[in-house]
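Enquirer: First, the structure itself, so that you have it in front of you.
The values are calculated or read from the model by the stated rules, or taken from the named source; none is laboratory data. As the structure is a computational prediction, the values presented were derived from the model and not from experiment. Cβ coordinates were reconstructed from backbone atoms using ideal geometry, including for glycine residues, and neighbour counts include every protein chain displayed. Keep in mind that these areas ignore ligands, DNA and RNA; they rest on the heavy atoms of the full protein, side chains included. Shrake-Rupley method; radii C 1.70, N 1.55, O 1.52, S 1.80 Å.
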Amino acid sequence: MKPTHIEHIGIAVDNLEESIKYHEEVLGLECYGIEEVKDQKVKTAFFKVGDTKIELLESTDPEGPIGKYIEKKGPGIHHIAYAVPDAAAKLKEAQEKGLRVIDKEPRKGAEGLNIGFLHPKSTQGVLTEICDHK
Ligand code: ZN
């Protein structure tokens, strides 16, 4: 099952407000949505670049996944999300191939997407998100 496009690139940021300003004023993109995803302990901001989005991720809890990531590695590219027709099937397929997954089944992410992560140990060091719009 081939991804149709890169749905978004997730970027961990220290300060959402400052990062939004950078993306708007320097890159000329427009922030069209800000959303808190309680489940993942993040506040997100979205920008469209063609079919792909930039998803800024600011931690709302130092113990959350983004809080820990920034503590360890600092701000920067956090993950790449591929759009697929069926995220559940793709996660299943990955497990059948022996890949390590973070999510065995999709859960709800920002913008109502069904999302699941593959573990970077199985994906060439790139935290990889699989998502669909179902
Ligand atoms: Zn994402």
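Enquirer: How compact is the stretch 1-106 by the rule of thumb for globular proteins, expressed as Cα Rg over 2.2 N^0.38 Å? Mind dumping the intermediate values first?
Expert: Details: Rg = 15.0 Å, N = 106, 2.2 N^0.38 = 12.9 Å.
Taking the Cα Rg and dividing by 2.2 N^0.38 Å, one obtains 1.16.
Enquirer: Another question, if that's okay. Looking at the stretch 74-110, which trypsin sites (Lys or Arg not before Pro) are in a loop (DSSP not H, G, I, E or B) and have at most 15 other Cβ atoms within 10 Å?
Expert: Values: sites: 90, 92, 97, 100, 104, 107, 108; in loops: 97, 100, 104.
Here the trypsin sites (Lys or Arg not before Pro) that fit, given the DSSP loop and packing criteria, are 97, 100, 104.
Enquirer: Of all beta bridges DSSP finds with both residues in the chain, what is the antiparallel percent, to the nearest 5?
Expert: Details: 29 of 39 bridges.
Looking only at bridges with both residues in the chain, the antiparallel portion is about 75 percent.
Enquirer: While we're on this one: Tell me, what HN-Hα J-couplings in whole Hz come from the Karplus equation 6.51 cos²θ - 1.76 cosθ + 1.60 at θ = phi - 60° for each residue of the stretch 14-25, using x for Gly and Pro?
Expert: Listing the rounded values in order: 6, 9, 4, 4, 5, 5, 4, 4, 4, 5, 7, 7 Hz.
Enquirer: Could you tell me the accessible area of residue 19 in Å² (1.4 Å probe, neighbours in place), rounded to the nearest ten?
Expert: Surface open to solvent at residue 19 totals about 20 Å².
Enquirer: Considering only DSSP states other than H, G, I, E and B, which GluC sites (Glu not before Pro) in the stretch 1-110 qualify as loop sites with at most 13 other Cβ atoms within 10 Å? Could the numbers behind the result be given before it?
Expert: Details: sites: 7, 17, 18, 24, 25, 30, 35, 36, 55, 58, 63, 71, 93, 96; in loops: 30, 63.
The qualifying sites are 30, 63.
Enquirer: Right, something else. What are the extents of the Cα atoms of the stretch 1-44 along their three principal axes, in Å, largest first?
Expert: 38, 28, 17
Enquirer: Given the protein chains as shown and a 1.4 Å probe, how many square angstrom of residue 51 are accessible, to the nearest 10?
Expert: Its heavy atoms expose roughly 120 Å² to the probe.
Enquirer: Accessible area per residue of the stretch 56-134 at 1.4 Å probe, in Å²?
Expert: Numbers: 4380 Å² over 79 residues.
Result: 56 Å² per residue.
Enquirer: Using the Karplus equation 6.51 cos²θ - 1.76 cosθ + 1.60 (θ = phi - 60°), what ³J(HN,Hα) coupling, rounded to whole Hz, does each residue of the stretch 40-50 give in order, writing x for Gly and Pro?
Expert: 9, 6, 9, 10, 10, 10, 10, 9, 9, 10, x
Enquirer: Using a probe of 1.4 angstrom, how much of the accessible area of the chain is carbon and sulfur, in percent?
Expert: Numbers: 3960 of 7750 Å².
Using a 1.4 Å probe with all protein chains present, the chain comes out at 51 percent carbon and sulfur.
Enquirer: Rounded, prolate or oblate for the stretch 62-134? Axes are the square roots of the Cα gyration tensor eigenvalues, ordered a ≥ b ≥ c, and the cut-off for rounded is a/c under 1.5.
Expert: Values: a/c = 2.17, a/b = 1.42, b/c = 1.52.
Because a/c hits 1.5 or more and a/b fails to exceed b/c, the stretch 62-134 counts as oblate.
Enquirer: Within the stretch 1-94, list the chymotrypsin sites (Phe, Trp or Tyr not before Pro) lying in a DSSP loop whose Cβ has at most 16 other Cβ atoms in a 10 Å radius.
Expert: Values: sites: 22, 32, 46, 47, 69, 82; in loops: none.
Here no loop site has a sparse enough neighbourhood.
Enquirer: Provide the per-residue ³J(HN,Hα) series for the stretch 106-111, in order, calculated from phi with Karplus coefficients 6.51, -1.76, 1.60 and θ = phi - 60°, each as a whole number of Hz, with x at glycine and proline positions.
Expert: x, 10, 7, x, 4, 6
Enquirer: Okay, moving on. Leaving out ligands, DNA and RNA but keeping every protein chain, what accessible area does residue 52 have, in Å² rounded to the nearest 10, with a 1.4 Å probe?
Expert: 30 Å²
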